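The values are calculated or read from the model by the stated rules, or taken from the named source; none is laboratory data. Computed from a predicted structure; not experimentally measured. Neighbour counts run over all protein chains shown; Cβ positions are idealised from the backbone, glycine included. To get the accessible areas, we keep the full protein, side chains included, count just its heavy atoms, and leave off ligands, DNA and RNA. Shrake-Rupley method; radii C 1.70, N 1.55, O 1.52, S 1.80 Å.
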Amino acid sequence: MFSKKHSNSTNAINAINAINAINAINAINAKNATNAINAIHFLKTLLKLYNIFMITVKERSGKVHYVEGPREVRAILRRLNILENTVLVVKGNELLTPDRMVEDGATIELIPVISGGMKCRVCNETAVIGIPRHNAAFCKGHFKEFFKKQVLRAIKEHSMFKRDDRVLVCVSGGKDSLVLWDVLTELGYHTEGLYIDLGIEGYSEKSKEMALKSAERLKRRLIIRDFSKECGPIKDVARRGGRTDCSACGTVKRHYFNKVALEGGFDVVATGHNLDDEASRLLGNLLRWQWEYLGRITPVLEESEGLRKKVKPLCRLTEHEIATYAFLRGIEYIVDECPMSKGSTSLLYKEALNRIELKSPGTKHYFYQEYLRSAVKRLSGTVAFSTRRCSICGMPTSEEVCSFCRLTERFSKVS
């Protein structure tokens, strides 16, 4: 038996030799099949001793565990004697549910929800989450209060909307938008949801299902606009229109957000953009000195001719806080990452800010809030607004034909 103290390179060589042995054994003729199967089981066990084809489980404390897979998340946690409701389980940018199957070779991270013996700042009971940037921790009940207060503060501070306004909440089936719909409804605002079916294979049906479940739970109307039936699947439209997936998706969503709000008589459009989204977007535009976009990174885009007011009530809250709130509220949402977002530079900027945040808590909050306090007014003059109307759809545009109509027109012509 090999020693576990061997170097990584030695382990790798041993693994390659073992794999070659498995391939050789598979070639054994049928009369030796039983011996071959036994040998394969033995060699696979040997591979697992060297953490090859094992599930790697990382804790924030730095501890690393190896668990034989494939296994469901709840089985992994049970194996490690960790309670399901004390951690969030993350694979890359994806939050995993307890029944999710984790394959061999995958790496997952455990993010504590229970904050390691910390006490709630309000009641001194066991805290469920620590919030380093506020030097605070909260129990389940007081975290929900904190969360709602942050939303209310954003609404009031930036004059987003009034109590009697009709709010169109744009929902994607993900945690941010569904949490936004939930919390605004809980706070007593008049909300309705809007879901846009983009025809993303293997994703849109799941996300729509989550949006419908939220509508049923909240007893609120969900407006569904099927772009894939009206124009075509978004990936095909993007490709034939000469646009990237994310660019085409943003163009389509902005068009429908405004169009549905105007047609439905809504006072304001609310989206689930959070602190991580806004800080990473600000960083990306600063690195490129994109003046025309910098002045628009605000929690509110005021109403103008033909354009409804747009707001971001979650701008003071992080993705981790939103995920924790969703977990504590029992909100179901699609955990799969949108396949169209792979390779997006915004993920890179988020990762960079997260690394800084770990060493210096509050960096994202300070970066974004100071920008709003001291810089945004100076940059607002760089934003150009046009009162022209699209010759096809009638929506505001800076050119004769708006970007949405140019995109869909190209697809129609090619089709």
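Odds and ends about this structure:
- Under 11 Å, Cβ to Cβ, from Thr318 - net charge with Lys/Arg +1 and Asp/Glu -1: -3
- Approximate spin-label separation Lys162-Ile224, in nm, with each point projected 7 Å along Cα-to-Cβ: 3.5
- Region 237-294 shape via C-alpha gyration tensor axes, a/c threshold 1.5: oblate
- Each Lys and Arg contributes +1 and each Asp and Glu -1, all at the Cβ; summed about the Cα centre of region 285-334, the dipole is approximately 40 debye.
- Residue ranking by accessible heavy-atom surface, 1.4 Å probe, largest first, among Ser204, Ser360 comes out as Ser360, Ser204.
- Å² per residue, accessible surface of region 183-227 at 1.4 Å: 46
- Pairwise label distance in nanometres, Arg329 with Asp267, each label 7 Å out on the Cα-Cβ vector: 2.1
- Computed from the Kirkwood radius of its Cα pairs, the Stokes-Einstein diffusion coefficient for region 103-174 at 37 °C and 0.692 mPa s stands at 218 µm²/s.
- Region 99-218 shape via C-alpha gyration tensor axes, a/c threshold 1.5: oblate
- Within straight-line cross-link reach of Lys364, aspartates and glutamates at Cα separation under 13 Å, skipping those fewer than 8 residues along the same chain: Asp276, Asp277, Glu278, Glu319, Glu351
- Positive minus negative residues near Ala154 (Lys, Arg vs Asp, Glu; Cβ under 9 Å): +3
- At R0 = 35 Å, FRET efficiency that the Cβ-Cβ distance of Glu125 and Arg217 yields, to 0.05: 0.80
- Rounded if a/c under 1.5, otherwise prolate or oblate - region 148-266, Cα gyration tensor axes: prolate
- Charged neighbours of Arg281, selected by a Cβ distance under 10 Å, balance to -1 (K, R count +1; D, E count -1).
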